């Protein structure tokens, strides 16, 4: 499964403030691709992925609002929704 799909990323907290939008649709194969596309679209969000290849600790990523995702190599499926939240949301 190495094909590009279209996914929607909902932005919350600091991610929404920095991007200036509530959501964006990008094409990606993996979670890492998706994060890279978001960084390219919104330069203010550069740094979502640490040099170690992990999500920056100030962010959380949720798949369809059901479970948190930390595997940036996970392949995405057409139409999935990912929620990018500041780690301090609700705190």
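The values are calculated or read from the model by the stated rules, or taken from the named source; none is laboratory data. Just so it is clear, the structure is predicted and the values come from calculations on it, not from any experiment. Neighbour counts run over all protein chains shown; Cβ positions are idealised from the backbone, glycine included.
Every residue in region 7-24 that is in contact with a strand residue (DSSP E or B) (Cβ under 7 Å, 6 or more places away or on another chain) and either without any contact (Cβ under 8 Å) to a residue 40 or more places away in the chain or closer than 14 Å to residue 63 by Cα (or both), please.
Looking only at region 7-24, we keep the residues that are in contact with a strand residue (DSSP E or B) (Cβ under 7 Å, 6 or more places away or on another chain), and these are 7-15, 19, 21-24.
Hits for region 7-24 are 7, 8, 9, 10, 11, 12, 19, 21, 22, 23, 24.
Would you pick out the residues in region 73-91 that are in contact with a strand residue (DSSP E or B) (Cβ under 9 Å, 6 or more places away or on another chain) and part of a loop (DSSP other than H, G, I, E, B)? Residues satisfying the conditions are 73, 74, 76, 77, 78, 79, 80, 87, 89. Residue-level check: of (1) more than 10 Å from the chain's Cα centre (by Cα); (2) modelled with pLDDT of 95 or more, residue 13 misses just (2).
Within region 39-72, the residues that satisfy the criterion of being in contact with a helix residue (DSSP H, G or I) (Cβ under 6 Å, 6 or more places away or on another chain) and not in a loop (DSSP other than H, G, I, E, B) are 39, 44, 45, 49.
Every residue, every condition in (1) touching a residue at least 40 places away in the same chain (Cβ under 8 Å); (2) crowded, with 17+ Cβ neighbours inside 10 Å, yes or no:
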residue	(1), (2)
34	yes, yes
38	yes, yes
49	no, yes
54	no, no
57	no, no
73	yes, no
77	yes, no
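Of all residues in region 18-31, none are out of contact with any helix residue (DSSP H, G or I) (no Cβ under 9 Å at 6 or more places or on another chain) and modelled with pLDDT under 95. Scanning region 79-91 for residues that are farther than 15 Å from residue 36 by Cβ and in contact (Cβ under 8 Å) with a residue 12 or more places away in the chain turns up 79, 80, 81, 83, 85, 86, 87, 88, 89.
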